[in-house]
Structures are given as C-alpha cells and as structure tokens.
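Q: Here it is, the structure, as structure tokens.
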Amino acid sequence: APDFDLFETMISYLRDFPDRYHHPKEDDHFFPLVESRAPQVRGDLAELKKQHHDGLRLTLELRWKLDAWRKGEFGAFLAFDDAASQYIEFQRRHIGVEERSIIPAASANFTAADWEKVNAAFANNEDPMFGRQPKAEYDQLFSKIAHMAPAPHGLGERVEPKNPAPAYPSHSGS
C-alpha cells in the first residue's frame, strides 16, 4: 500500500519551507541585490519571482491530488503521478535558471559585503511571524522524511511489494 503519510510529509516540506523561508529571502534580499549589480539578468529574476507563486500552486495541486488518491477516487493515482512529474520538471527548470544565470551573475558582480548581507539574510530564519525556531523545525521535518522513506532513497527499511505489479504488455510486433 502507498505510504500516504510519507507523501503528506514530503509535500508539507516542499510547500512550507521554500514558500515561507527560502523564496521570500530570495525575493526580498538576494534578487534585488543581483538586479542592482547585474541588471542584464532582470528578465530571469522576474521569471523566477513569478515561478515562486506558480510553485505554491503546484504544491497545492499535489496535496489535492494526494487527497483524491487516498480516498480511492478513480484515476487519482495517475493524476497525482502527473502532478508530481510536472512539479519535478518545474523545479528542475527553476533551479536551472538560478544556476545558469543568477548565481553566475552574482558571483561575477557581488562584493564581499554583498555576500555577507545575503548570507546573513538566509542564515536568520528566526522570523517571529513563523515561530521561535523554524529552521530547527524544518530540519526535523527533513530528517523525518529521510527516516520514513525506504532505501535506497531514504534511511527507512526497504519494503518489497507483496504482489509485484504485472509487467506492461509489449506493444512491439503488433
């Protein structure tokens, strides 16, 4: 049977940590500094900010589709699988823009003082709006996910399926 609690925990992490901590720090601290030092990447920065909102929508869709799958609604697993694949591809594209455009622009143009400002902003997750120690809370959530997920992806016990799914029929030679 699917481990719905594991999926739920993973989606909570994907939704909460990036949207409550990481993306606001990029939007409020990192991106404005990059734009001031490397205006040539302004278009990529605007796209990343838009993607921060799109990512929230995608994680909400994952949650809804997981709930439908858990309820046993017809076609819900395929809908969840499709939403998960879309989310993964979305994140790959998002991170790709950061790695190919934004981080190189920052590396080429930031001063030591710029990096100190950015590092301080990202290190300080003691935002009173979200609790006393949100960083520790999310470190614990990440650890929980790692321990719940079976090997080889996590630290949990590997569980072999009792009734392996039948192989899909071959479409060759029809």
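Q: Taking segment 1-37 only, how many residues are of a type in the set (Lys, Arg) and under 11 Å from the mean Cα position of the chain (by Cα)?
A: Count: 1.
Q: Moving on to the next point. Do we find that ASP28 is farther than 30 Å from LEU6 by Cβ, in contact with a helix residue (DSSP H, G or I) (Cβ under 7 Å, 6 or more places away or on another chain) and in contact (Cβ under 8 Å) with a residue 40 or more places away in the chain in this structure?
A: no
Q: Within segment 92-115, which residues are open to solvent by 40 Å² or more (accessible area, probe 1.4 Å), under 22 Å from ALA46 (Cβ atoms) and out of contact with any helix residue (DSSP H, G or I) (no Cβ under 7 Å at 6 or more places or on another chain)?
A: Those that are open to solvent by 40 Å² or more (accessible area, probe 1.4 Å), under 22 Å from ALA46 (Cβ atoms) and out of contact with any helix residue (DSSP H, G or I) (no Cβ under 7 Å at 6 or more places or on another chain): ARG92, ARG93, ILE95, GLU99, ARG100, ILE103, PRO104, SER107, ALA108.
Yes or no, residue by residue, for (1) more than 27 Å from ALA136 (Cβ to Cβ); (2) touching a residue at least 12 places away in the same chain (Cβ under 8 Å); (3) surrounded by 14 or more Cβ atoms within 10 Å (Cβ to Cβ):
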{"position": "PHE17", "(1), (2), (3)": "no, yes, yes"}
{"position": "LEU48", "(1), (2), (3)": "yes, yes, yes"}
{"position": "GLU61", "(1), (2), (3)": "yes, yes, yes"}
{"position": "PHE74", "(1), (2), (3)": "yes, no, no"}
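Q: For LYS65, state whether it is open to solvent by less than 70 Å² (accessible area, probe 1.4 Å), farther than 28 Å from ALA136 by Cα and either in contact with a Pro (Cβ under 9 Å, 6 or more places away or on another chain) or basic (Lys, Arg) (or both).
A: yes
Q: Find the residue count for segment 75-110, including only residues that are under 16 Å from PRO2 (Cβ atoms), in a helix (DSSP H, G or I) and over 15 Å from the mean Cα position of the chain (by Cα).
A: Total satisfying the criteria: 7.
Q: Further, regarding this structure: Among the acidic types (Asp, Glu) and surrounded by 15 or more Cβ atoms within 10 Å (Cβ to Cβ), is that true of ASP81?
A: no
Q: Of these, GLU8, GLU35, which one is free of Cβ contacts under 8 Å to residues at least 40 places away in the same chain, in a helix (DSSP H, G or I) and open to solvent by 40 Å² or more (accessible area, probe 1.4 Å)?
A: None of the other options fit; the residue is GLU35.
Q: Hey, another quick one. Does VAL118 fit the bill of being under 21 Å from SER36 (Cα atoms), of a type in the set (Val, Ile, Thr), touching a helix residue (DSSP H, G or I) at 6+ places or on another chain (Cβ under 7 Å) and modelled with pLDDT under 95?
A: yes
The values are calculated or read from the model by the stated rules, or taken from the named source; none is laboratory data. Keep in mind the model is a prediction, meaning the values are calculated, not measured. When we count neighbours, we look across all protein chains shown, and the Cβ atoms used for this are built from the backbone with ideal geometry, even at glycine. Ligands, DNA and RNA are excluded from the accessible area calculation, which covers all protein heavy atoms including side chains. Shrake-Rupley method; radii C 1.70, N 1.55, O 1.52, S 1.80 Å.
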